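Participant: One structure follows; several queries about it will come next.
The values are calculated or read from the model by the stated rules, or taken from the named source; none is laboratory data. No experiment lies behind these values; they were computed from the predicted model shown. Note that we place each Cβ from the backbone using ideal geometry, even for glycine, and neighbour counts take in every protein chain shown. Side chains are part of the model used for accessible areas, which takes the heavy atoms of the whole protein and leaves out ligands, DNA and RNA. Shrake-Rupley method; radii C 1.70, N 1.55, O 1.52, S 1.80 Å.
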Amino acid sequence: MKKYFRTLFPLLLLALLSAGVFCACTQAEKPGANALSSRLSSSKNAGLPEDSNASSSSESTAGPGDSTLPSSPEKPLLSNPEDQLFPEAQALTRHLVCLVFTRDHIEKAQPLGDADIFRLMISLLVQEENSLSAFYPDCVSVGEDGVAVFPLESVQQLVGDIFGQGGWFLADPAFDAQQNAYLIPTGFGLGSVYSYEDLRLTWSKEDDTVTADFSLIDTPDFPGERRYGAYRITYQAVTEGGRTFLRYQGIQKTGD
């Protein structure tokens with residue numbers, strides 16, 4: 001199995017390289033971020049079309065055989081929404097903008113798909129301040145051999161929470177059926193064509209949402225100093241089984 005995996009994994013990396021995701025450079029730093037671990041290496045609209053009445057990305061990203069989880073009827077019980085939800089919103093925004101979104105997501109309004117969810121899973125390797133892995137610590141571990149293990153059950157929990165997809169699975173050479181996990185060697189660079197600045201988070205008690213407003217810019221990995229305008233990502237606060245978490249609703253342009 002190891003020989004088979006080592007033979008096919010480069011094909012996965014080659015495919016992701018063609019999508020402009022992996023790069024030889026290190027992952028772009030968010031201003032003020034501090035590395036927490038030296039062991040791990042350090043997408044106009046995406047998810048929501050410009051039409052504000054369009055469906056959310058949690059519907060458009062569902063793959064064959066996947067089911068979409070309904071929003072929980074439970075009312076989020078939050079004594080201090082800013083303290084409880086803003087760190088997660090900051091982490092999600094960081095990973096989506098700086099590690100997942102591509103030109104097609106922003107310029108062509110391409111919805112997030114299974115391959116993008118897979119990239120988000122891989123981005124859990126980025127261990128920094130306000131990293132997404134802090135909210136889903138069981139989704140990845142790295143062995144002494146440098147191979148990252150992503151247990152499918154834990155990954156499905158993450159995908160169900162963030163995208164509303166139950167039973168998510170992507171057939172990929174990196175999946176090991178015996179371990180029921182994706183096995184991915186570390187040591188590569190991970191980045192996107194985008195970054196952001198002037199992030200502002202806002203809580204709406206009326207509809208239980210957190211909005212992340214920011215200026216979309218080029219990442220240092222793809223220099224050009226281009227500015228793309230003001231964008232907003234909306235997250236819905238969802239409570240299920242006593243847990244309250246954020247579900248991605250989409251991104252839209254809000255100004256020049």
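Participant: How about the stretch 138-147: which of its residues are open to solvent by less than 40 Å² (accessible area, probe 1.4 Å) and more than 17 Å from the chain's Cα centre (by Cα)? Steps first, please.
Facilitator: Looking only at the stretch 138-147, we keep the residues that are open to solvent by less than 40 Å² (accessible area, probe 1.4 Å), and these are 139-140, 142-143, 146-147.
Residues satisfying the conditions are VAL142, GLY143, GLY146, VAL147.
Participant: Taking the stretch 110-137 on its own, how many of its residues are open to solvent by less than 40 Å² (accessible area, probe 1.4 Å) and assigned to a loop (DSSP other than H, G, I, E, B)? Let's see the steps before the verdict.
Facilitator: Initial filter on the stretch 110-137 (open to solvent by less than 40 Å² (accessible area, probe 1.4 Å)): 112-114, 116-126, 128, 131-133, 136.
With the extra rule that they be assigned to a loop (DSSP other than H, G, I, E, B), the set shrinks to 112-113, 126, 131, 136.
Qualifying residue count, the stretch 110-137: 5.
Participant: Examine the stretch 138-148 for a residue that is small (Gly, Ala, Ser) and part of a strand (DSSP E or B), and state whether such a residue exists. Break it down into steps so the answer makes sense when it comes.
Facilitator: Here is the first cut: in the stretch 138-148, the ones small (Gly, Ala, Ser) are 141, 143, 146, 148.
This time we only want the ones that are part of a strand (DSSP E or B), so: 141, 148.
Within the stretch 138-148 (the criterion being small (Gly, Ala, Ser) and part of a strand (DSSP E or B)), the answer is yes, since at least one residue qualifies.
Participant: Given THR219, THR254, THR234, which one is open to solvent by 10 Å² or more (accessible area, probe 1.4 Å) and under 20 Å from the mean Cα position of the chain (by Cα)?
Facilitator: On the way: THR219 fails: open to solvent by 10 Å² or more (accessible area, probe 1.4 Å); THR254 fails: under 20 Å from the mean Cα position of the chain (by Cα).
From the options THR219, THR254, THR234, the qualifying one is THR234.
Participant: May I ask you to list the residues in the stretch 149-187 that are over 17 Å from ARG243 (Cβ atoms) and assigned to a helix (DSSP H, G or I)?
Facilitator: Within the stretch 149-187, LEU152 is the sole residue that qualifies.
Participant: Now for a separate question. Can you say whether GLU153 is surrounded by fewer than 16 Cβ atoms within 10 Å (Cβ to Cβ), under 18 Å from the mean Cα position of the chain (by Cα) and within 18 Å of LEU124 (Cα to Cα), as far as the supplied structure shows? Reasoning before the result, please.
Facilitator: On the way: surrounded by fewer than 16 Cβ atoms within 10 Å (Cβ to Cβ): yes; under 18 Å from the mean Cα position of the chain (by Cα): yes; within 18 Å of LEU124 (Cα to Cα): yes.
Yes, satisfied.
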